[in-house]
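J.: There's a structure below that I have some questions on.
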Amino acid sequence: MNKIFVSILFAVILVLGINKVADVIFYVEKPEQSAAYQVEGIATVASTTSAETSSDSSDSDIMALFTSADLASGKKIFSRCSSCHNIANSKSKIGPTLKNIWRKVGSVPDYKYSKALSTYGKTWDVAELNGFLLNPKKWIPNNKMGFGGLKKPEDRAAIILYMNTFADNPLPLN
């Protein structure tokens, strides 16, 4: 019985010792900032019904990016969205169609939105879409979209520019 107890104790001490040695060998300094991703030009997201960025800086930043954004890049980025969203016609897939995106949030007929989106009450514009594409779950809490967001402002500008081409009344973005 003593041999079994000593063996188990030795195994536990060995595992803990290896863990401590590995921590010393593979030491990694912790970052000073607590956020996982820092995106320039985007203000901190507030925890209200809609997170709002400082409209002066982030709106002008995204608007400035439209001059360098290209449709080919936007089409490539949208390919990640196309498994759930349609853009070429008004037929919805798992997610609502994104044709004619400049409309009231949660307003595609015959699509069952989450309560968060159907009661949001705002209209999609460049600022709303930019914030939503950055982090959908933080921008409109409790929505059903399982997408993690686009962290690069250039990617968001390119995809917004691409979706704009499928609107009946496209915005003058560039």
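J.: Among the residues of the range 69-103, which ones are surrounded by fewer than 16 Cβ atoms within 10 Å (Cβ to Cβ) and small (Gly, Ala, Ser)?
T.: Within the range 69-103, 72, 79, 82, 83, 88, 90 qualify.
J.: Please determine, by comparing only the residues of the range 140-156 that are surrounded by 14 or more Cβ atoms within 10 Å (Cβ to Cβ) and under 9 Å from the mean Cα position of the chain (by Cα), which one is farthest from residue 85 (Cα to Cα).
T.: Result: 151.
J.: Output the residue which, of all residues in the range 105-132 that are part of a helix (DSSP H, G or I) and in contact with a Gly (Cβ under 6 Å, 6 or more places away or on another chain), is farthest from residue 173 (Cα to Cα).
T.: The residue in question is 118.
J.: Restricting to the range 88-119, name every residue that is touching a helix residue (DSSP H, G or I) at 6+ places or on another chain (Cβ under 9 Å) and over 20 Å from residue 164 (Cα atoms).
T.: Selection gives 112 alone.
J.: For the range 127-139, give me each residue that is surrounded by 20 or more Cβ atoms within 10 Å (Cβ to Cβ), of a type in the set (A, V, I, L, M, F, W, C) and in contact (Cβ under 8 Å) with a residue 24 or more places away in the chain.
T.: Those that are surrounded by 20 or more Cβ atoms within 10 Å (Cβ to Cβ), of a type in the set (A, V, I, L, M, F, W, C) and in contact (Cβ under 8 Å) with a residue 24 or more places away in the chain: 129, 133, 134, 139.
J.: Also, quick follow-up: Among (1) surrounded by 17 or more Cβ atoms within 10 Å (Cβ to Cβ); (2) out of contact with any Leu (no Cβ under 7 Å at 6 or more places or on another chain), where does residue 161 come up short?
T.: The number of the failed condition is (2).
J.: Could you tell me which of the residues 105, 24 is among the β-branched types (Val, Ile, Thr) and modelled with pLDDT under 90?
T.: None of the other options fit; the residue is 24.
The values are calculated or read from the model by the stated rules, or taken from the named source; none is laboratory data. Fair warning: this is a prediction, and the values are worked out from it, not measured in the lab. Reconstructed Cβ throughout: ideal geometry from the backbone, glycine too, with neighbour counts over all protein chains shown.
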